[in-house]
Structure formats: structure tokens, C-alpha cells
Amino acid sequence: MKKALSILLAVVMMVGLLAGCGDKSSKTAEEGKVFNIYAWNEEFKGFFEKYYTVPEGITVNWIINPSDGGVYQEKLDQALMAQDSAPADEKVDMFLAEADYIIKYVESDFTLDVSTIGVKPADTMYKYTVQAATDSKGRMKGVSFQCCPAALIYRRSIAKDVLGTDDPAKVQEALSDWDKFNEVAAKAKEKGYYMTASYVETYRTFSNNVSMPWVDKDNKLQFDPLIEAWIDQAKEFLDKGYTLPAGIWDDEKNQQMFADGKTMCFFGPAWYYNFCMGNAMDPEKGCFGDWAIIQGPQPYFWGGTWLLAAKGTDNPTMVKDIMDTFTINEEVCSKLVENEMQFSNNTKVNEKYANDPNYGNDFLGGQNDTAVFVELAKNIRFEHKTQYDQLLNEQLPGVFLDYFLGNITREQAYANFYQYVNEKYPAIVTPDEA
Amino acid sequence: MSRQREQNNYLRRYRSISYAKWGYLFIAPFFIVYILCSLIPQFLTIYNSFFESYLDGLTQVGPNFVGFKNYVTLFTPDNNGVIGIFKYTSNTLVIWLLGAIPQFVIAMILALFFTSYRLNIRGQTFFKSVIYMPNLIMASAFAMLFFTLFSNVGPVNQMLIQLGILEKPFDFFRTRESVRLLIALMNFLMWFGNTTILFMSGIMGIDHELFESATIDGANSTQVFFRITLPLLMPIVVYVVITAMIGGLQMFDVPQVLTNRLGTPDRTAMTLVMYLNSYLTPSKNYGMSGAISVYLFAITALLSIIVYRSMIRQRSSR
């Protein structure tokens, strides 16, 4: 009896295996049935599911890993390096990349020149989004569905209390450079407010305006004067109690977005308030509508999500289709602006809303945010990027927090940062290496 | 007569049969798995530590033979004269000791309570399960829980502020002592149950008559413990201390999660394995991490020998 049972089981298993083989070999040379997308959060997935109709018979498989600590890149790299040997249904078809590390993928051979599948740079795309996705030989590897000029986002009620006005033009006047920003911070402190909710809040405003990349041509680490300026500012802000010792994504900071929060300014692009300010939109504890945006002390950009095609994809038609849908399809781009508070990568659509006197964003108290961003987008310079930027930008503030809190000297903080860089990127030469 | 011969034949035949081969066959799976999954990787690690091999973005660099360069880098002081690897070794040992000493003491006391025929505690199985429970939780989940509890906006800080003990939140994760104590506390909570059960089984293995006769001779509890229980328990104690130490030297997940990979503050909660791990992501630097592994192996072997020698000597001198 037992013997019969085990033979039966063995036969069933063999049949199962053979059936698996049969599936693969019988597949026609047409496009794949499974579409694999790598992403680091649910943002694009949400838009994709709402505005893109997946062709019949194709299953979309999202592989989502958090970006924090470089986990996303690590998993993606593993998959890309195994791309050639992976079975068709497991090949990466498309992946998302962020401004901090897009260069690594664009310059690599793991991405597909999308002109070969019919994707072309459109006149309506913001120039920097095309430039960022184009390698040094002029091959375009993907597109972005958003343009990410960033703004200073302030609480209207707190601005009224501190500055006596919540009118964007007047608030901008009061915060038009860093000296004025620091003065207002002192005033806010007197009234019992924080200027920002995280000491890292202003980091991108400095780091995305740098005049030299993190490493020089010989791969030597270098500190831009603006990074040093940020270190000075963060130290001063924490010493004087203008901000909190919380990281940019920490709960401690996010709690400040509730109505009972005491923080006046947040910094970020359109994706920041539509995707990361959930607490402010909370129907009970939030403060929907009590916000407005201005340029702030310095124009900058932050992040942005590019869609890149992986070389070896078995779904080129669908890749092209998705890329076109989210960039040149005006209907979809309009919905992104109107329903999702996005700033799309379509100048024509954006300008339509910027010039529409009836358009306003309720979250920002009816302010026309698209009009603000159309102006800010003109300043974006996508320059001085390296493939190492993500971890360097992510962890520099973390390593220096010990210095800001007075646990160690500035010199020790530099030494710890060099050590961190040595561990993460052996190819970078740090000043403590001979 | 023929019966006698038959018996002789039988004996001759079976005397020549060796049962040892069955023994070898039964232990073979362990050795095969050990060689494949432990011994070969160990030699590969040593081999790799002499090479420069890492990923630069998506480009593989090496492997190039570099001799002892990785070891030289490991022992070179930084700009402030700190030799990282020594700092992380002492971090690891300090944090381990902070948790391990109370762990051994409390576990010993509990084991004595549970095995005492005088106390005869009821519901032993229940208590044993409960003290073992924390060990069943994944260490990283446990660390995440503590991270939430002790964060600047967590319930512990809120409670202390509401009670008027603190004015503003105390940053548990950016203060050397509190970070180390929290890690030690977590390790203690996770392992004291396990140690208790090991000690209990050791004490229960001691002949009961020894305790009884000692009591009849008028020995008090302290004397019974130091003269009878502890000396006879020594083999178990040595085993527990050495395995706990090896586990302690490999401490990783709790501090990694609790300090968000940085070993804050000022890398004083950075353990050896966190340091090793840092070289692996994202650059897969097998050369440097191999060198750290070899160092870790040497330290573990050395400390184990020291602990073993000192404890065994103590035992024989008694």
C-alpha cells in the first residue's frame, strides 16, 4: 500500500515537472505573458492600475523593494545581472529609477535604447527628464512620467501667526534667501513653532544645486561648498531648536503634519505632498487645505521617477505603450494633474492648468500649484550626478547627526563618513586613504 | 557435536561482521552537509580575503590577487587614529557582556528555583514556556518593536514626559549607554529562557542523593550550591558560556535594526558582523568582508580557548 502510494506520488511529481517543461517550450515567439516591473514604492503602481489598460492575457507582476539603504538597487541589480539566463516570464521588462542613481542604469548595458522600440523624446517633455535618461552616446533609455521642481510647502495658519500673512507672494518675500529663512526660523521659535520638522528637510535644496559631483574624475570624494553650508545650517538649526533631530521619513517628522503639529515649513515637489503628506490629509487629525507652496530660499528639484526599459524584455510593445501613455497621452497626463496632484512631464498639459483661472488645488487652499511649478521647472539643472549619489545623500545626514547632537566633533563625523564610504563604495577614494 | 559446530560457525560468521559501517553511514549526512555548507565556504572565505573583488555600480572589479592588502586596510587607523576593527570588537564584547552576565545569573537562579525539591513550584511547564517565548520572536521584529517603543515619539518617551520625569524626549538611539543597554536587554530577554532550560537539565542530571546527604550533614543552601551544584554543573556552564559567546560575537540583527545600520552614536553600537555586512551591500566586497570573517574566526577561537581553559582549570582546582 505504502509502496503504491509512493510510486503514485513520484509519478505525479514527474508529470508535474514535465508539464512545466512543456509550457515553456511550446511558447510562441510572440510577446511574453508576464510583465515584470521593479519599483521601490506603490506610487507609480497606483497610477498604472488606474490609467493604463493592460492588454488581455498579460499578467503584470510588481516586484517592490524599499529604496532605503540601497535595498531596491541591490535586488534590481541581481535581477538585471541574471537577465540573460532568466526564463522569459521572469525577465525584468521595465524598472523605475530615481534621479539619484538613474545614471548608473542609463550608462549601463542593462537598459534598452528605447528608440529601437519606437519611443522618441517629445517636445512636450521637460528637457532635463530626457537628458537624465540619455547616456553619453546619445541613446535614450527611458522616460519620466513626472517633472519634479520642488517647493517650500508651508502651513498657512502658522505663517499667519509668525509672519502676519499667509499670502504666497508675501511669504515668499519673507523667505526669499537663507538669511531671511534663518531670521524667520528664530521668530517661529519665539512663538513656539519649529521652522522644519527634520534637520534633513533642507538637504536636497543644497545637494541638488551643487556645482561639482560627489567624486572627481579620479574617483576622489569631494565635498561641495553647498554640502558644507548645509552642515553648518543643520548644526545651527538643531543647536537653536529650530528643527527636530528626526530623519526625513521618520514618524517623528510625519507627526508634525497633523493639525496639532507645530511645524511651519516642509520642502518637496508635487509628489511629496500627494504621496508623503498623508497625515496632513487625514480626515480627522489632518489639516487639509491649510497649506500653500512657494519657491522658497532657493529653487531646486528632488527625485523623480523614470521608467527604464530593461534589455532583454520580451514585451517591447507594452513597454513602449506604457511610456507613451504616461508622457504624451494628454488625457492621462491631465488626469495625473487633476486627480493625482502630479506635475506631469507634459508641458502642454501643465501649461493648460497653469493658465486656467478655475484650476486650483484644494489641499493648498485653492492655490494653483501647477502655475508655481511651471515657473520653477525652468530652473532645473540636472547636473553633477554620479552613480553613488543615493547612499551618499541618504546617509550623510545620518552620519553627521552625531556631530549635530554634540556627541562627536566635526572631524570625527567626517572620519565616520569616509569610513562609511569606504565600506559602501570601494571604488571611491576618500581622504583617509593614501 | 554437530550442534556445537553449528554454534561455532555462527559465531565465526557474525564475529567478522562489523556494525561500524552502519554508524558511519548514519553520521555521513552530517559530514556531507558540514563539508559542503561549512568547511568549503570557510576555506573559500580565507581564499577570498586575499583578493580584491567588488561591484562598482554594475561593473565587477576583480578578483585580483592582492596578498595581505585587505588585512593591512583592516588594521590601518583612520584620520582620528581609531582602528575600526578593534573598536567594533570591543563594542561587540561590551554589549555581549552587558547582556550575558545578567543572563547567566538570572538563568542560574531560575534554574535553581525550578529544580528545588523544597520549593516544588507548581505550573513549571507554563513558566518554562513563558520564559522561552521571547526566543521565538524573530530578532529583527523584536528590535523593530523596541525601536518603536523607545523612539522620540514612542510610548516610553511620552510616558516619561507625562509623568514629569523628562521635559523633552530622550534620544535613546543617539546615546551610547542607552543604545548598548537596550541591545543588551533585548539579547538578555531573548536568551535567558534558553539558558535556564539548559541549566535546569544540567542540575536535574545531578544525583539527588548528593543534595539530600549534604542537607543531612547540615550544609545550608549556599554551601550546597557552591560545593555541590556548581562544580557538578561546570561542564554545562562551560558549554553555555562558550556557545553564548560565539553567538554574542556574531551579534547582528538587533543592533542593525535598532540603529538603522549605522551603529549610532559614533559607531559605538557597530558590531563586527554589522561591519562585515556593511562591506557586502551594495558592493559585494568579498575581499574585505572575507578578511573580517577570518579575523572574527580567529577571535572566536582564541576567546573560546581562553574561556575553556580558565573554567576547566577552576574546576580541577576546586
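The values are calculated or read from the model by the stated rules, or taken from the named source; none is laboratory data. Quantities reported herein were computed from a predicted structural model and do not represent experimental measurements. As a convention, Cβ positions derive from the backbone with ideal geometry for all residues, glycine included, and neighbour counts pool all protein chains shown.
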Restricting the range A:368-402 to residues that are part of a loop (DSSP other than H, G, I, E, B) and at the interface with chain B (Cβ under 9 Å from one of its Cβ atoms), which is surrounded by the most Cβ atoms within 10 Å (Cβ to Cβ)? A:TYR388
Can you tell me how many residues within the range B:50-62 are touching a residue at least 12 places away in the same chain (Cβ under 8 Å), within 14 Å of chain A (Cβ to nearest Cβ) and either surrounded by fewer than 11 Cβ atoms within 10 Å (Cβ to Cβ) or out of contact with any Asp or Glu (no Cβ under 7 Å at 6 or more places or on another chain) (or both)? 6
Of B:LEU276, B:LEU249, the only residue that is in contact with a Leu (Cβ under 8 Å, 6 or more places away or on another chain), of a type in the set (A, V, I, L, M) and within 14 Å of chain A (Cβ to nearest Cβ) is B:LEU276
Considering the range B:103-150 alone, what residues qualify as being among the charged types (D, E, K, R), under 24 Å from B:ILE242 (Cα atoms) and part of a loop (DSSP other than H, G, I, E, B)? none
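Would you confirm whether any residue within the range A:213-227 is in the same structural domain as A:ASP260 (by TED's automatic domain parsing) and within 24 Å of A:GLN255 (Cα to Cα)?
No.
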Look through the range B:214-254, keep the residues that are of a type in the set (Gly, Ala, Ser) and either modelled with pLDDT under 90 or over 28 Å from the mean Cα position of the chain (by Cα) (or both), and return whichever of them is surrounded by the fewest Cβ atoms within 10 Å (Cβ to Cβ). B:GLY218
Selection status of A:ASP93, in contact with an Asp or Glu (Cβ under 9 Å, 6 or more places away or on another chain), charged (D, E, K, R) and farther than 21 Å from A:VAL34 by Cα: no
Could you check the range B:156-199 and list, in sequence order, the residues that are over 24 Å from B:ASP266 (Cβ atoms) and more than 19 Å from the chain's Cα centre (by Cα)? B:GLN158, B:MET159, B:LEU160, B:ILE161, B:GLN162, B:LEU163, B:GLY164, B:ILE165, B:GLU167
Cβ-Cβ under 7 Å, sequence separation 6+ or interchain: first residue in the range A:174-197 and surrounded by fewer than 22 Cβ atoms within 10 Å (Cβ to Cβ), partner part of a helix (DSSP H, G or I) and of a type in the set (D, E, K, R). Which pairs? A:ALA174/A:LYS180; A:LYS189/A:LYS240; A:LYS191/A:ASP161
Among the residues of the range A:413-425, are any crowded, with 21+ Cβ neighbours inside 10 Å and either at pLDDT below 90 or assigned to a loop (DSSP other than H, G, I, E, B) (or both)? yes
Note on the range B:19-57: residues of a type in the set (D, E, K, R) and in a strand (DSSP E or B) are B:GLU52, B:ASP56
Does A:ASP109 meet the test of being of a type in the set (Asp, Glu) and in a loop (DSSP other than H, G, I, E, B)? yes
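Yes/no matrix, rows are residues, columns are (1) closer than 26 Å to A:ARG156 by Cβ; (2) in the same structural domain as A:ASP123 (by TED's automatic domain parsing); (3) in contact with a Leu (Cβ under 7 Å, 6 or more places away or on another chain):
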position: A:ASN345; (1), (2), (3): no, yes, no
position: A:VAL349; (1), (2), (3): no, yes, no
position: A:GLY360; (1), (2), (3): yes, no, no
position: A:ASP369; (1), (2), (3): yes, no, no
position: A:PHE373; (1), (2), (3): yes, no, no
position: A:LEU392; (1), (2), (3): no, no, no
position: A:TYR403; (1), (2), (3): no, no, no
Return the only residue of B:LEU262, B:LEU232 being over 21 Å from B:THR300 (Cα atoms), among the hydrophobic types (A, V, I, L, M, F, W, C) and either within 13 Å of chain A (Cβ to nearest Cβ) or assigned to a loop (DSSP other than H, G, I, E, B) (or both). B:LEU262
Note: among B:LEU58, B:LEU44, just one is among the hydrophobic types (A, V, I, L, M, F, W, C) and in contact with a Lys or Arg (Cβ under 9 Å, 6 or more places away or on another chain), namely B:LEU58
So which helices (runs of 4 or more DSSP H) are wholly in the range A:203-315 and hold at least 1 residues that are more than 14 Å from every other protein chain (Cβ to nearest Cβ)? A:203-207, A:225-240, A:270-275, A:278-281
Scan the range B:157-170 and tell me whether some residue there is farther than 30 Å from A:LYS253 by Cβ and touching a residue at least 12 places away in the same chain (Cβ under 8 Å). no
Among what's in the range A:39-74 and is buried (at least 16 other Cβ atoms within 10 Å of the Cβ) and of a type in the set (Gly, Ala, Ser), pick the residue that is farthest from the other protein chains (Cβ to nearest Cβ). A:ALA39
Exactly one of these conditions fails for A:LEU405: (1) within 11 Å of chain B (Cβ to nearest Cβ); (2) surrounded by fewer than 18 Cβ atoms within 10 Å (Cβ to Cβ); (3) in contact (Cβ under 8 Å) with a residue 60 or more places away in the chain. Give me its number. (2)
Can you pull out the residues in the range A:113-135 that are surrounded by fewer than 23 Cβ atoms within 10 Å (Cβ to Cβ), away from every other protein chain (no Cβ under 14 Å) and in a loop (DSSP other than H, G, I, E, B)? A:ASP113, A:GLY118, A:LYS120, A:PRO121, A:ALA122, A:ASP123, A:THR124, A:MET125
